[in-house]
Every structure is written in structure tokens, then in C-alpha cells.
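Read the structure below first, then the notes.
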Amino acid sequence: TGSIPVNYIHPDDAAQIMAQIIRRGVPNEIFNIVAPLHPMRSEVYDSTCKQFNWEGPTYSEPETTPGFKIISGEKLKSFYDHDFKYPDPLKFYYQLDPL
């Protein structure tokens, strides 16, 4: 289904957050590391396909809404001050490596 929100993080943000945790120390805590914005899956997939001039996927919507969770990064925010370089998965930029 394309009508569920995504819980993504850009690799650059993930690396910066992990480096900050290592530099400042790791408390005995568990953190969700996720971008603050959660667009719909179809929006992200369609945007990425458009970026590479690929044909977009088709989506089937089930009769009942599948279970999903929006992951919150608020706990991480309370321990570490991170300014996301890519807060919106719709604005992630991808590059294909040459074969």
C-alpha cells in the first residue's frame, strides 16, 4: 500500500547522529533515529522514481488499513541537538553508482 507514512532517515543524518552520540557519550538509553517528517510511502516512491525517470509503482489498497506506527525521534532530540540536513524524505537525493 502506498497510503502509510514512512519512517526514514537519510544516511548522512544517520552518520552525523551516530558520530555525535559517540563523541558525547552513549547513555544507557535506546533512541529512535528517524527523520522528523513522515510523508506517505507513495509520495516517496513516486518522487524517487521521477528523479531517475523510472516508471512508478502501482499500489493496491487493502480493504482494511494495515497497522503502522509513526516513529518519534523526540527522545533523541531531548539528549542531542541535531539539525537534520534532510528532514523530509521527499527531498532525499539519491545517486546511482556506475556499474
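Structure notes:
- Residue match in the stretch 85-94 (condition: farther than 15 Å from residue 8 by Cα, open to solvent by 80 Å² or more (accessible area, probe 1.4 Å), touching a Phe, Trp or Tyr at 6+ places or on another chain (Cβ under 9 Å) and in a loop (DSSP other than H, G, I, E, B)): no
- Qualifying residue in the stretch 63-73 (condition: at pLDDT 90 or above and either open to solvent by 80 Å² or more (accessible area, probe 1.4 Å) or of a type in the set (Val, Ile, Thr) (or both)): yes
- Residue pairs whose Cβ atoms lie under 6 Å apart, separated by 6 or more positions or on different chains, with the first residue in the stretch 18-39 and over 14 Å from residue 81 (Cα atoms) and the second open to solvent by 80 Å² or more (accessible area, probe 1.4 Å), are 38/70.
Condition check ((1) closer than 18 Å to residue 8 by Cα; (2) part of a helix (DSSP H, G or I)) across all residues:
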position: 38; (1), (2): yes, no
position: 47; (1), (2): yes, yes
position: 50; (1), (2): no, yes
position: 55; (1), (2): no, no
position: 59; (1), (2): no, no
position: 64; (1), (2): no, no
position: 67; (1), (2): yes, no
position: 76; (1), (2): yes, yes
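- The requirement of being modelled with pLDDT under 90 and in contact with a His (Cβ under 8 Å, 6 or more places away or on another chain) is fulfilled nowhere in the stretch 6-23; no residue meets it.
- Residue in the stretch 46-53 that is hydroxyl-bearing (Ser, Thr, Tyr) and open to solvent by 50 Å² or more (accessible area, probe 1.4 Å) present: no
- Residues that are part of a helix (DSSP H, G or I) and open to solvent by 20 Å² or more (accessible area, probe 1.4 Å) were ranked within the stretch 1-13; the one that is farthest from residue 61 (Cα to Cα) is 12.
The values are calculated or read from the model by the stated rules, or taken from the named source; none is laboratory data. Since the model is a prediction, treat every value here as computed from it, not as a measurement. Note: ideal-geometry Cβ built from the backbone for every residue, glycine included; neighbour counts use all protein chains shown. For accessibility, only protein heavy atoms count, side chains too; no ligands or nucleic acids. Shrake-Rupley method; radii C 1.70, N 1.55, O 1.52, S 1.80 Å.
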